[in-house]
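The values are calculated or read from the model by the stated rules, or taken from the named source; none is laboratory data. Predicted model, so just to flag it, every value in this text is computed and none were measured. Note that each Cβ is placed from the backbone with ideal geometry, even for glycine, and that neighbours are counted across all protein chains shown. Each accessible area value is taken on the protein alone, full model and side chains, heavy atoms only, with ligands, DNA and RNA left out. Shrake-Rupley method; radii C 1.70, N 1.55, O 1.52, S 1.80 Å.
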Amino acid sequence: RTEKRMAVESKTIPVGTPLIGFVLPDVENKPVNIQDFRGNLLLVVFSCNHCPYAKASWPVLIDLQKRYAEDGFQVVAVNPNNNPAFPDDRFEEMKPYAASIGMNFPYLFDGDQKAARAYGAECTPDPYLFKDGKLFYHGRINDNWKDPASVKERSLEAAILAALGRGALPGKIHPSIGCAIKWAG
């Protein structure tokens with residue numbers, strides 16, 4: 001299918017949905033089983049190298065991983081883009097990209113796009129926050145991806161704090177917005 005849209009919104013899925021299992025290769029081509037992170041406060045985020053929305057989210061995700069790791073928070077990023085029209089997202093480009101931005105969490109490749117389809121992922125970034133193996137939050141990272149200095153609501157961080165018992169979820173859950181996943185074929 002050909003992608004003609006740029007910005008798309010994530011689909012709504014019910015809070016409490018169980019963590020969907022998958023095993024995918026990381027940037028070292030070692031298999032990673034997402035179930036190994038089940039006991040953590042786990043953020044599964046579908047993202048990629050080239051999308052401007054995704055690029056804007058990487059520093060935020062790296063910072064959240066750094067600040068909340070001691071609380072049992074773990075980010076696992078998944079690149080679902082496996083389309084020859086987007087060579088920047090190829091598996092071979094993931095390791096140098098991750099190193100160039102100082103990624104401090106696993107970055108996995110969903111080459112057959114089965115994980116993205118199982119989650120109903122639509123865009124990059126598309127974050128799913130799980131607490132005790134159940135979906136706790138699925139929505140935007142913040143309210144201004146273009147200008148980090150102008151962010152007023154840090155939606156994902158508020159959800160992390162709520163999951164840790166240190167705050168409340170945002171009053172309204174807004175979908176994530178990003179580039180459409182580049183489906184193969």
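Figures for the structure shown
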{"quantity": "Failed item in (1) surrounded by fewer than 20 Cβ atoms within 10 Å (Cβ to Cβ); (2) outside any loop (DSSP other than H, G, I, E, B); (3) touching a residue at least 40 places away in the same chain (Cβ under 8 Å); (4) small (Gly, Ala, Ser), with ALA99 passing the rest", "calculated": "(3)"}
{"quantity": "Long-range neighbours under 7 Å by Cβ, at least six apart or interchain, first residue open to solvent by less than 70 Å² (accessible area, probe 1.4 Å) within region 12-30, second among the charged types (D, E, K, R) and in a loop (DSSP other than H, G, I, E, B)", "calculated": "LEU19/ARG38; LEU24/ASP110"}
{"quantity": "Residue list for region 118-138, restricted to those being under 13 Å from the mean Cα position of the chain (by Cα) and under 14 Å from LEU42 (Cα atoms)", "calculated": "ASP126, PRO127, TYR128, LEU129, PHE130, TYR137, HIS138"}
{"quantity": "Residue among LYS146, LYS131 that is under 25 Å from ARG67 (Cα atoms) and modelled with pLDDT under 95", "calculated": "LYS146"}
{"quantity": "Pair list, Cβ under 7 Å, 6 or more apart: region 106-119 residue assigned to a helix (DSSP H, G or I), other residue open to solvent by 30 Å² or more (accessible area, probe 1.4 Å) and at pLDDT 95 or above", "calculated": "ALA118/ILE20; TYR119/ILE20"}
{"quantity": "Condition met for ALA149 (part of a loop (DSSP other than H, G, I, E, B), surrounded by fewer than 16 Cβ atoms within 10 Å (Cβ to Cβ) and not polar (S, T, N, Q))", "calculated": "no"}
{"quantity": "Among (1) among the aromatic types (Phe, Trp, Tyr); (2) open to solvent by less than 40 Å² (accessible area, probe 1.4 Å); (3) within 18 Å of ALA56 (Cβ to Cβ), the one test that TYR119 misses", "calculated": "(3)"}
